[in-house]
Amino acid sequence: MTQKEELKYLEELHKKQFMDFSEAWDQYMKEYEETAYKSLETLKARHKKEYEEQSAVVREQTRKKLKFSKEVIDLRHKLEQLAKQKR
């Protein structure tokens with residue numbers, strides 16, 4: 001094999017190795033991006049679920065702690081009496 005033939009062979013071999021690597025890298029990146037997207041969607045769903053659960057807990061705790069002032073209770077009572085009088 002002459003030096004030119006060997007150089008051409010090595011160049012073609014190098015080109016083939018580069019193409020193989022490039023294809024493998026593209027496939028790897030595609031799989032990585034798909035996995036990352038799935039992980040992100042799973043995380044979004046988990047955060048949404050946890051947010052809804054925590055919101056429900058906070059609403060329940062707030063509802064239990066809520067106490068109306070005497071003035072508000074008296075005004076509601078007067079409103080009910082006035083409503084009954086108009087009947």
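A few points about this structure:
- Every residue from the range 30-68 that is among the basic types (K, R), in a helix (DSSP H, G or I) and at pLDDT below 95: R59, R63, K64, K65
- All of (1) surrounded by 10 or more Cβ atoms within 10 Å (Cβ to Cβ); (2) in a helix (DSSP H, G or I) hold for A83 with one exception: (1).
- Options E5, E12; residue that is acidic (D, E) and surrounded by 10 or more Cβ atoms within 10 Å (Cβ to Cβ): E12
The values are calculated or read from the model by the stated rules, or taken from the named source; none is laboratory data. It should be emphasised that the depicted structure is a prediction, and the values quoted were computed from it without experimental measurement. Cβ sites come from the backbone with ideal geometry, for glycine too, and all protein chains shown count toward neighbours.
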